[in-house]
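Below: the structure, in structure tokens.
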Amino acid sequence: MTPKNLMQRREFLGATGMLTGLIAAGTPLALLAPGRAWAMDLHALSSSEGATVMAVCRTIAPHDKLDDAAYALVVQSIDGDAAKNADTLKMLRDGLGHLGPAFATATESTRVQALTAIESSPFFKTVRTSTLGVLYATPMAYAYFGYEGEAFSKGGYLVRGFNDLRWLPEVPLADSGPVPGA
Amino acid sequence: MAAISQDDSDAVVIIGSGAGGGTLAHELTRRGIKVVLIEAGARQSLETFSQVPGDAFAQLTWLEPRTITGTSTVAQDYPTLPSWTCKTVGGTTVHWTGATPRIRPWEIRSRTTYGEIKGASLIDWPVEYSELEHYYDLAEKRMVVTRRNGNPGLPASNHFKVMYNGAKRIGYKRVHTNYMAINTKPADGRGLCIQQGFCVQGCKTGAKWSTLYTEIPRAEATGNLDLRVQCRASRIEHGDNGLVTGVVYRDPQGNEQRQKARIVCVACNSVETARLLLLSESARFPHGLANSSDQVGRNYSCHTGGFVWGIFDKPIHFYRGTTLAGIVEDETRHDPTRGFAGGYHLELAALDLPSLPLAGLPSTMWGRDFAFVLEHYRSMAGIFINGEDMPRATNRITLNSNVKDSFGLPVANIHVDDHENNAAMRAHAQKQAKALYEAVGAIRVVHSRQTPATHNMCTARMSKDPRDGVANPHGQTHDIANLFIADGSAMSTPGSANPTLTIVALALRQAEFIAAQMSARNI
């Protein structure tokens with residue numbers, strides 16, 4: 001997709017902003033992503049508001065080596081909620097306005113201090129809940145955090161390392177049980 | 001499957017198809033009794049269980065609104081999901097973990113054993129332990145429980161190896177892969193456990209016992225069961241003589257329907273059981289059915305606990321394997337020198353990655369501390385504390401008329417003020433779990449706060465004295481002879497055991513009683 005027709009598509013969909021990024025080579029995510037460059041339309045928030053929301057997400061759940069593309073999905077979810085509900089959009093705008101435009105580029109300790117001050121606000125609780133609900137439920141997160149997910153389709157972990165831990169002594173049979181097929 | 005007429009006033013109507021209702025339906029139908037089983041949820045199967053954690057949660061969970069008040073941290077952390085129960089055929093036996101320890105003898109005599117405790121509403125069970133034991137034996141055989149009746153235990157997972165070695169190093173003696181209603185080999189027409197780790201999402205091999213694919217199809221095979229799915233009961237009706245006459249429910253299209261009944265058994269899980277009794281108020285029973293004692297909804301009990309997570313610097317992969325196959329039994333005793341009455345189990349517990357931040361960590365945790373835990377997902381271990389909750393008359397289910405469900409009916413409000421005994425027990429358990437993990441090299445130990453209860457109990461409890469509870473020792477309500485409580489609501493006190501086995505045992509016992517009473521034309 002060229003920049004020109006990307007712009008046309010954005011106008012057609014009524015985009016209000018856009019987040020873009022470049023996935024770092026050699027990360028688990030690079031293996032999953034179809035290409036290194038990504039762009040994501042926003043439908044309620046502006047580009048700068050989107051960037052501030054992303055900075056809030058990164059402060060709540062700071063995984064330094066987890067790519068912006070993973071956090072962008074959280075921003076997309078929050079933006080989608082705001083596009084559907086004017087009250088949500090207002091609540092977000094109020095929260096973002098309170099944090100100010102400098103938040104996104106502030107040091108981590110400054111960001112933590114700013115968020116600690118509004119910990120009990122609906123804005124913080126909403127962004128925190130969305131961050132927790134979205135960030136860890138994607139294939140990118142599974143790869144990054146080392147979660148192998150469902151195993152039924154592969155015969156279960158019975159044949160995929162459920163008992164391969166060797167840094168502690170084995171459990172006597174009397175307190176456990178036989179491994180099927182072993 | 002039988003089609004039973006809505007005008008058939010000979011039918012027994014059971015509301016709820018989980019551990020209590022599903023088991024009772026099988027036990028009555030196999031004795032030739034016609035049963036209409038009303039279930040609010042849809043029917044899933046081994047094939048349709050979702051393997052995406054968030055989708056599975058949505059597929060199985062009761063998501064109609066509830067509210068919560070009180071000083072419990074659950075009110076702060078989970079205001080929109082104060083308890084975690086199911087709405088699906090099979091009820092919570094679809095998402096349960098399969099753990100089946102027994103309630104202990106002194107736990108059904110807690111009032112006598114612990115004495116008077118300020119701010120608590122303990123009573124002794126009106127049942128002898130020897131009688132309960134008989135039904136535990138039957139239930140364990142039926143559910144093919146590991147480590148009982150000569151069945152082997154489940155094998156040790158990586159996760160259990162961590163718990164086991166830590167527990168032994170701090171001196172615990174009774175540590176094993178738990179009593180589990182999970183097949184270690186094909187049995188009962190069900191598959192064996194392949195250590196998927198997706199117990200809570202619905203077990204796709206059927207290794208884990210559930211009424212969905214044991215009791216309910218067997219009841220259907222008798223020709224005496226009429227199962228009505230996606231039908232939600234809204235009211236139990238009674239006649240001029242004060243006996244119940246039928247159940248009003250909404251069909252899948254949302255239309256109101258009426259099923260006549262000779263007997264009604266309520267098995268909706270404690271929160272909804274109390275709500276339905278309260279919603280059924282009438283001129284004759286202005287405080288709800290079976291509530292002359294004002295005990296319906298009171299004494300709401302969960303289990304005291306939450307998670308403790310041990311963080312290590314070596315791989316564990318705790319999500320691989322049976323979720324709850326590990327237990328420490330040593331703290332399940334009454335020893336006031338520990339600073340509290342009653343006892344607790346430490347049970348193995350893992351969470352899938354999407355659920356860990358939402359369900360496993362307190363809402364006050366974020367930033368670097370929070371990220372540190374998640375960054376160690378590969379090398380963490382978990383314990384779930386399952387302790388005896390101290391019942392209180394003021395911890396109760398009431399109707400909240402300010403919030404309505406999708407049919408416009410008041411929702412349940414859950415009020416919980418944590419008793420100081422719970423706080424002392426939780427602190428002790430957290431200290432012990434921390435020591436356990438540090439004994440095998442944990443680099444850090446963190447704990448959650450109280451989590452939304454999957455174990456909801458005692459809101460229509462059995463009592464010897466009708467003033468102390470709602471039902472007699474058979475779950476028959478003190479006030480209305482043909483109205484029964486057939487779920488964990490009937491438990492007199494919560495004990496420290498995961499409740500499903502006890503609910504099944506009580507259902508087996510209740511079925512014998514109901515069948516005998518029907519034969520004798522007493523009801």
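The values are calculated or read from the model by the stated rules, or taken from the named source; none is laboratory data. Everything quoted here is computed from the prediction, not taken from an experiment. Backbone-built Cβ (ideal geometry, glycine too); neighbour counts: all protein chains shown.
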> Given the conditions (1) over 22 Å from the mean Cα position of the chain (by Cα); (2) surrounded by 20 or more Cβ atoms within 10 Å (Cβ to Cβ); (3) within 14 Å of chain A (Cβ to nearest Cβ); (4) in contact (Cβ under 8 Å) with a residue 60 or more places away in the chain, and given that residue B:430 satisfies all but one, which numbered condition is not satisfied?
Replying inline: (3)
> Of all residues in the range B:367-393, which are charged (D, E, K, R) and touching a residue at least 24 places away in the same chain (Cβ under 8 Å)?
Replying inline: B:369, B:378, B:388, B:389, B:392
> Where residues in the range A:91-104 are of a type outside the set (Gly, Ala, Ser) and without any contact (Cβ under 8 Å) to a residue 40 or more places away in the chain, which of them is surrounded by the most Cβ atoms within 10 Å (Cβ to Cβ)?
Replying inline: A:91
>> Just the residues that are within 16 Å of residue A:63 (Cα to Cα), among the β-branched types (Val, Ile, Thr) and more than 8 Å from chain B (Cβ to nearest Cβ), please, taken from the range A:100-120.
In response: A:107
> Could you list, in sequence order, the residues of the range B:443-478 that are touching a Phe, Trp or Tyr at 6+ places or on another chain (Cβ under 6 Å) and over 30 Å from residue B:130 (Cβ atoms)?
Replying inline: B:445, B:446, B:448, B:452
> Do we find that residue A:171 is within 9 Å of chain B (Cβ to nearest Cβ), in contact (Cβ under 8 Å) with a residue 12 or more places away in the chain, over 24 Å from residue B:49 (Cβ atoms) and over 21 Å from the mean Cα position of the chain (by Cα) in this structure?
Replying inline: no
> If you scan the range A:132-159, which residues turn out to be more than 7 Å from every other protein chain (Cβ to nearest Cβ) and farther than 30 Å from residue B:365 by Cα?
Replying inline: A:153, A:154, A:159
>> Here is a check on your reading of the model: is residue B:273 buried (at least 23 other Cβ atoms within 10 Å of the Cβ) and part of a helix (DSSP H, G or I)?
In response: yes
>> Suppose we filter B:429, B:442 for residues that are not in a loop (DSSP other than H, G, I, E, B) and not aromatic (Phe, Trp, Tyr); which single one remains?
In response: B:429
> With respect to the numbered conditions (1) under 19 Å from residue B:340 (Cα atoms); (2) surrounded by fewer than 24 Cβ atoms within 10 Å (Cβ to Cβ), which one is the sole condition not fulfilled by residue B:388?
Replying inline: (2)
>> Suppose we filter B:391, B:286, B:362, B:315 for residues that are in a loop (DSSP other than H, G, I, E, B), within 11 Å of chain A (Cβ to nearest Cβ) and out of contact with any Phe, Trp or Tyr (no Cβ under 7 Å at 6 or more places or on another chain); which single one remains?
In response: B:315
> Looking at the range B:365-383, which of its residues are facing chain A (nearest Cβ under 7 Å) and either of a type in the set (A, V, I, L, M) or surrounded by fewer than 20 Cβ atoms within 10 Å (Cβ to Cβ) (or both)?
Replying inline: B:367, B:368, B:371, B:374, B:378
> If you go through the range B:133-150, how many residues are out of contact with any helix residue (DSSP H, G or I) (no Cβ under 9 Å at 6 or more places or on another chain) and buried (at least 19 other Cβ atoms within 10 Å of the Cβ)?
Replying inline: 3
> Can you name the residue in the range B:367-388 that is over 30 Å from residue B:296 (Cα atoms) and part of a strand (DSSP E or B) and is also farthest from the chain's Cα centre (by Cα) among such residues?
Replying inline: B:380
>> Name the single residue that is nearest to the other protein chains (Cβ to nearest Cβ) among those in the range B:330-359 being in contact with a Lys or Arg (Cβ under 7 Å, 6 or more places away or on another chain) and crowded, with 22+ Cβ neighbours inside 10 Å.
In response: B:332
>> Out of everything in the range B:161-183 that is over 23 Å from the mean Cα position of the chain (by Cα) and farther than 26 Å from residue B:379 by Cβ, what residue ends up being surrounded by the most Cβ atoms within 10 Å (Cβ to Cβ)?
In response: B:174
> If you check residue B:409 against the conditions, is it under 26 Å from residue B:458 (Cβ atoms), at pLDDT 95 or above and out of contact with any Asp or Glu (no Cβ under 6 Å at 6 or more places or on another chain)?
Replying inline: yes
>> What's the total number of residues in the range B:120-139 that are farther than 27 Å from residue B:298 by Cβ and of a type in the set (A, V, I, L, M, F, W, C)?
In response: 2
> Among the numbered criteria (1) over 24 Å from the mean Cα position of the chain (by Cα); (2) facing chain A (nearest Cβ under 10 Å); (3) touching a residue at least 40 places away in the same chain (Cβ under 8 Å), which single criterion is violated by residue B:403?
Replying inline: (2)
> Residues in the range B:394-409: is at least one surrounded by 19 or more Cβ atoms within 10 Å (Cβ to Cβ), more than 24 Å from residue B:79 (Cβ to Cβ) and aliphatic (A, V, I, L, M)?
Replying inline: no
> residue B:175 versus (1) more than 7 Å from chain A (Cβ to nearest Cβ); (2) in contact (Cβ under 8 Å) with a residue 60 or more places away in the chain; (3) of a type in the set (A, V, I, L, M): which is the lone unmet condition?
Replying inline: (1)
>> Any residue that is assigned to a helix (DSSP H, G or I) and either within 27 Å of residue B:85 (Cα to Cα) or without any contact (Cβ under 8 Å) to a residue 60 or more places away in the chain (or both) - is there at least one of those in the range B:142-158?
In response: yes
> Can you name every residue in the range B:201-223 that is at negative phi and surrounded by fewer than 24 Cβ atoms within 10 Å (Cβ to Cβ)?
Replying inline: B:204, B:205, B:213, B:214, B:217, B:218, B:220, B:221, B:222
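Condition check ((1) farther than 20 Å from residue A:122 by Cα; (2) away from chain B (no Cβ under 14 Å)) across all residues:
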position: A:38; (1), (2): yes, yes
position: A:58; (1), (2): no, no
position: A:65; (1), (2): yes, no
position: A:69; (1), (2): yes, yes
position: A:75; (1), (2): no, yes
position: A:83; (1), (2): no, yes
> So which strands (runs of 3 or more DSSP E) are wholly in the range B:190-263 and hold at least 2 residues that are touching a His at 6+ places or on another chain (Cβ under 9 Å)?
Replying inline: B:244-250
>> Taking the condition of being farther than 23 Å from residue B:260 by Cα and in contact (Cβ under 8 Å) with a residue 60 or more places away in the chain, how many residues in the range B:215-234 meet it?
In response: 2
> Failed condition for residue A:163, given (1) facing another protein chain (nearest Cβ under 8 Å); (2) within 21 Å of residue A:72 (Cβ to Cβ), with all others met?
Replying inline: (2)
>> One residue is enough: does the range A:121-130 have a residue meeting the conditions crowded, with 18+ Cβ neighbours inside 10 Å, at the interface with chain B (Cβ under 8 Å from one of its Cβ atoms) and either of a type in the set (Val, Ile, Thr) or at negative phi (or both)?
In response: yes
